[in-house]
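The values are calculated or read from the model by the stated rules, or taken from the named source; none is laboratory data. Nothing here was measured: the structure is a model prediction, and the numbers come from that model. Using ideal geometry, Cβ is built from the backbone for each residue, glycine included, and neighbour counts are taken over all protein chains shown. Accessible surface areas use protein heavy atoms only, side chains included; no ligands, DNA or RNA. Shrake-Rupley method; radii C 1.70, N 1.55, O 1.52, S 1.80 Å.
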Amino acid sequence: MKNALALDVIIIGAGAAGLAALRELDRAGKRVLCLEARDRIGGRIATVHDSLSPIPIELGAEFVHGRPREIWEIAESAPLQLYSCMEHAIQVRDGKPQTKADAWLQVDRVMKDLEAAVESGREQTFSEFLAQFDYPADVKELATSYVEGFNAAKADVISIASIVKDQKAADAIDGDRAFRLMNGYDSVLHWMLQGICDLDRKLQLNSQVRAVRWTQDGATVEFVSTQTGAVQKISARHVIVTVSLGVLQAEAIRFEPEPADILHAAKQLRFGEVVRMILRFENAVWEESGDFAEAGFLLSDEKFFRAWWTPLPVRARSITAWSSGPGTGELLGMPKAEIVKRAIQELSHILSMRERQLNELLRAAYFHDWHGDEFARGAYSYVPAHAMGAREALARPAGNTLYFAGEAAETNGHSATVHGAIASGRSAAAQVLL
Ligand SMILES: Cc1cc2nc3c(=O)[nH]c(=O)nc-3n(C[C@H](O)[C@H](O)[C@H](O)COP(=O)(O)OP(=O)(O)OC[C@H]3O[C@@H](n4cnc5c(N)ncnc54)[C@H](O)[C@@H]3O)c2cc1C
């Protein structure tokens, strides 16, 4: 195979991880090609720029969690403007705002006990952990919603050791603060492509990889044009696979031979589901009730959408509804109009406003079906109890040929994030360059 190698590296996928690897390898002078199945870059970063909205609409990643250097260094050198989000959270039970301390403070208490449990050597699911404590019912409910919402995970599946590992990694970068990119998350992607000469030759869109045949000396990648159906093959010394965990688990790419340990690790991990809807109104309807005028987050006990967030500190007219919990499964695969209907019903209960009034004021609903999207097949990854080590196994190369990168293969507690995906893409590139 050695003589026939056309390239040094083929990267599969042009999300945050793939583009980070492309940039590093190109700068190191490698002959590199990034193949992307969609007609756009970014993967689970999908920013909509709508002239009717004063802020960019994020269908995928929105927040920069803390101050990860992978994003802040880009923001500094681009330069891009980051602004701090309003954290103040109000818990709403049965349509009534609760007057207790900021809801996050109640969750903090549980997270401290969780850390102590893990430090004493305990490993179990979050539900099993909660069952051993006698917190008030509303605190248990809020903590469960937080863990499920933040991690896109099922509380009776997710590992407490993984939650604590991620929490510690987040604490080290000021992770309890959230920031947004003023011009949208896609501005980070565009920066990553800057300075790559001859980009059209190095980044090929509409190219869906179907098979990777590899040996210790190199690999041949087979891909199909999603526009013409034409099938092509190209060979390289190394291949970096950055497709989502959902795509890997669905075996949408055939590997010959199968890297058994890696695919086993992919099956051990879980790929969480999220339904996220951004509703733009004629006016900021939640500000009409004095209770919510300054709230960053509304944490509800409704069936489907348990977290809502406002654009504060920016005064804009859109609000985000987030579903990642017990009700989410019912929403998956539902037509958009039906999901909007449920979001409006629940918002009407939270704000004590009539559904009809909200419908009259509704101007747009923005939504991407990540579950039905064949190039994502879900939202982001998490670790089930007793599967610590699966991310590390996923990130371990097969020979010196096949490397797996992307948010699920990040091993330092920053998985499931954009900065984790960038770090993982860079780490795979660095291993190739050794
Ligand atoms: C709704 C939602 C909200 C989120 N919110 C946040 C947030 O606020 N903050 C945060 O940090 N993170 C957030 N995330 C997570 C973050 O978006 C991801 O961790 C990150 O973008 C993953 O990047 P990646 O490169 O690993 O994977 P991807 O972005 O999935 O990139 C993989 C690429 O591979 C391509 N591909 C798939 N199959 C093939 C194939 N056969 N051939 C060629 N190409 C293929 C895909 O099209 C895609 O472009 C969110 C995710 C979702 C879904």
Remind me, relative contact order of the range 1-157 in percent, using alpha carbon pairs under 8 angstrom and six or more residues apart?
12
What residue among SER424, ALA307, ASN283 has its Cα farthest toward the positive end of the dipole of the chain, where the charges are +1 on Lys, Arg and -1 on Asp, Glu, each on the Cβ?
SER424
The range 217-303: relative contact order from alpha carbon pairs under 8 Å, six or more residues apart, as a whole percent, is 16
Pop the C-beta distance of ARG69 and ALA116 into the FRET formula with R0 = 41 Å and round what comes out to the nearest 0.05.
0.90
Along the charge dipole of the chain, pointing to its positive end and built from +1/-1 on Cβ of Lys, Arg, Asp and Glu, which listed residue (ALA75, PHE223, SER53) has its Cα farthest out?
PHE223
Per-residue counts of other Cβ atoms within 10 Å, averaged by peptide: what ranking do you get for 131-139, 311-319, 111-119, 407-415, highest first?
407-415, 311-319, 111-119, 131-139
Only four residue types carry charge here, +1 at the Cβ of Lys and Arg and -1 at the Cβ of Asp and Glu. Report the dipole size of the range 35-191 about the Cα centre in Debye, rounded to the nearest 20.
100
With +1 on each Lys and Arg Cβ and -1 on each Asp and Glu Cβ, and nothing else charged, work out how big the dipole of the range 280-369 is about its Cα centre, in Debye to the nearest 20.
240
Just add up the charged neighbours of GLU62: K/R +1, D/E -1, any other residue whose Cβ is under 13 Å from the Cβ of GLU62.
+1
From the Cα centre of the range 163-223 to that of the range 312-363, the distance in Å is 31
What's the ranking of 424-433, 355-364 by average number of surrounding C-beta atoms within 10 Å, highest first?
424-433, 355-364
Of the accessible area of the range 286-432, with the probe set at 1.4 angstrom, what percent is carbon plus sulfur?
48
For the chain, what is the calculated [θ] at 222 nm in deg cm²/dmol (nearest 500), taking -39500 (n - 2.57) for each run of four or more DSSP H residues and dividing by its residue count?
-9500 deg cm²/dmol
Computed FRET efficiency, Cβ-Cβ of GLU392 and LEU361, R0 51 Å: what is it to the nearest 0.05?
0.55
Determine the dipole magnitude for the range 341-434: charges of +1 sit on the beta-carbon of Lys and Arg, -1 on that of Asp and Glu, nothing else is charged, the reference point is the Cα centre, and the result goes in debye to the nearest 20.
140
The lysines whose Cα lies under 23 Å from the Cα of LYS165, excluding any fewer than 8 residues away in the same chain, are LYS112, LYS140, LYS154, LYS267
Heavy-atom accessible area per residue of the range 302-434, all protein chains kept, 1.4 Å probe, expressed in Å², is 39
Could you grab the relative contact order for the chain? Cα pairs under 8 Å, six or more apart, rounded to a whole percent.
26
Which GluC sites (Glu not before Pro) in the range 1-99 sit in a loop by DSSP (not H, G, I, E or B) and have at most 15 other Cβ atoms within 10 Å of their own Cβ?
GLU87
Antiparallel bridge percentage (DSSP; both residues within the chain; nearest 5)
70
Could you tell me how many degrees, from 0 to 90 and to the nearest 10, lie between the Cα long axis of helix 103-119 and the main elongation axis, the longest principal axis, of the Cα atoms of the chain?
50
Honestly the range 78-161 on the Cα gyration tensor test (a ≥ b ≥ c root eigenvalues; a/c under 1.5 rounded, otherwise a/b vs b/c for prolate or oblate) is just oblate
